[in-house]
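Shown next, in structure tokens, is the structure this report addresses.
FYI, it's all coordinate maths here, none of it is from the lab. From a predicted model like this one, the values you see are computed outputs, not experimental measurements. Cβ atoms come from the backbone with ideal geometry, glycine included; neighbour counts cover every protein chain shown.
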Amino acid sequence: MIDTSDIGVFLGLDVGKGEHHATAVTPAGEKAFDKRLPNSEPKLRELFDKLTAKHGLVLVVVDQPASIGALPLAVARDAGCQVAYLPGLTLRRVADLYPGEAKTDARDAFIIADAARAMPHTLRAVELADETVAELEMIVGFDDDLATEATRVSNRIRGLLTQIHPSLERVLGPRIQHPAVLEILERFGSPAQLSKAGRRRLINVLRPKAPRMAERLAGDILAALAGQTVTVPGTHAAGLIIPSLAGQMKAVLDQRKLLARRIEELLEAHPLSAVLTSLPGVGVRTGARILIDVGDGSNFPTAGHLAAYAGLAPATRNSGSSIRGEQPSRRGKKQLKRAFFLSAFAALSEPVSRAYYDKKIKEGKHHTQALLCLARRRSDVLFAMLRDGTFYQPQPAPAP
């Protein structure tokens, strides 16, 4: 919990793109400031200096520590103020304790400031990120956007193929992001064009990017095409759209490759890189996400706190005799939860992780539940590694 015993005034900022609403509250609960504030360094610094001169140490609290909240926090630090943030979900819950149902910037700014004064346990510390982590956060965020775009374009291509030629989609759909598949879809976007290209030409196009499966894939494509003799309405339009979508997909995947190299460089340059990547299943992208969200783990008092932050701690549901049991948590940081989940899946080739997964399957859990249990267990292991500064120590798999 953040220590607020020496704070002279609590400044809540409901941050915005062009301007923020700032409300300052004294330890006695009286308003010391309540106005809109332009999102510029001179105006921010002027307010921070004025409050410091009049009240002493200022605690600046925002509802978004990144993006539009980055400049206020940077100026506040430089002005000698303490900084913290109130998570958005917590803000909404705390807001229910205050009278009124209006959703205004002024009300939110006051609630942020007053919650910092009366409920400091709701605040989260804002660590001063080093340059490596700051750059990683920006690049990984863009990579996440590209991954979402790749999924969208993949689904669009598969949807069009399913509509005009289901048999062809069953051949190409599972490999839709393979460079060879994208190459032939960009060149021959319709069933008619694929048929006209013929086996030899298809193999020549496929072979540079898929030498092992070129002949087999070409044969599967032609077999699928031979199984449908009718032309579905809209096939001509799809033949114009699919090459464009394939080109978009190639560009997105190329960008992700470039970003992956830069992410790897930044991750390897960080002191915690060797610790994180020593855990089986933690690769470049998952390691970067864990580094961004977890850091050295010092913000989490126990392994349970880290698991709860990642949304891996189960939520207990008890109400009399009618509702009993535990359910997967819907809270936590979704991107971090996904990183732990993907790394758990990648770690199934490791004997200890596989044995734990198999044990959960035998207990009656389905695949996703067993992976979540493994992800939780691995978050506990990672917490201990970060706390002690040690690498992962492989252990022999337990005897069956």
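Okay, here's what the table says:
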| quantity | calculated |
| --- | --- |
| Peptide ranges 373-382, 136-145 listed from the most packed, as the mean C-beta count within 10 angstrom indicates | 373-382, 136-145 |
| Relative contact order of region 1-137, pairs being alpha-carbon contacts under 8 Å that are 6 or more residues apart, as % | 31 |
| Region 273-388 - Kirkwood radius from inverse mean 1/r over Cα pairs (Å) | 14.6 |
| About the Cα centre, charge dipole magnitude for region 273-388 (Lys/Arg +1, Asp/Glu -1 at Cβ), debye | 460 |
| Only Lys, Arg (+1) and Asp, Glu (-1) charged, at Cβ; region 135-265 dipole about Cα centre in debye | 860 |
| Ranked packing of 178-185, 95-102, most packed first, by mean Cβ within 10 Å | 178-185, 95-102 |
| Karplus-derived HN-Hα couplings along region 94-107 (A = 6.51, B = -1.76, C = 1.60, θ = phi - 60°), whole Hz, x at Gly and Pro | 5, 4, 5, 7, 9, x, x, 10, 5, 10, 10, 4, 5, 5 |
| Theoretical FRET efficiency, 1/(1+(r/R0)^6), r = Cβ-Cβ of residue 231 and residue 207, R0 25 Å, to 0.05 | 0.30 |
| Helical contribution to [θ] at 222 nm, DSSP H n ≥ 4, -39,500 (n - 2.57), averaged over the chain, rounded to 500 | -18500 deg cm²/dmol |
| Inter-probe distance in nm under a simple model that places probes 7 Å from Cα toward Cβ, at residue 158 and residue 41 | 4.8 |
| Kirkwood Rh and Cα Rg combined as Rg/Rh, region 135-265 | 1.03 |
| DSSP beta bridges in the chain [antiparallel fraction, %, rounded to 5] | 65 |
| Relative contact order for the chain, counting Cα pairs under 8 Å that sit 6 or more residues apart, in percent | 12 |
| Rounded to the nearest 20 debye, dipole of region 9-125 from Cβ charges on Lys, Arg, Asp, Glu | 80 |
| Alpha-carbon Rg with Dmax, taken over the chain, Å | 27.0, 83 |
| Gain upon complete extension [residue 195, residue 240; 0.36 nm per residue less C-alpha separation] | 14.6 nm |
| Relative exposure of 383, 391, 345, 10, judged by other C-beta atoms within 10 Å (fewest first) | 391, 345, 383, 10 |
| Anisotropy class of region 207-324 from Cα gyration tensor, a/c 1.5 cut | oblate |
| Debye log10 I(q)/I(0) at q = 0.14, 0.23 Å⁻¹ for region 9-125, Cα point scatterers | -0.47, -1.40 |
| Residue 132 paired with residue 54, simple spin-label distance in nm, labels 7 Å along Cα-to-beta-carbon | 4.3 |
| Violating pairs (Cα-Cα greater than 24 angstrom) within the set 209/257; 333/362; 337/360; 209/250; 337/365; 250/334 | 333/362; 250/334 |
| Proxy reagent accessibility, fewest Cβ within 10 Å first, across 386, 57 | 57, 386 |
| For region 55-98, the Rg and Dmax computed from alpha carbons only, in angstrom | 11.9, 34 |
| Average Cα contact separation per residue, region 74-194, under 8 Å, 6 or more apart, as relative contact order % | 18 |
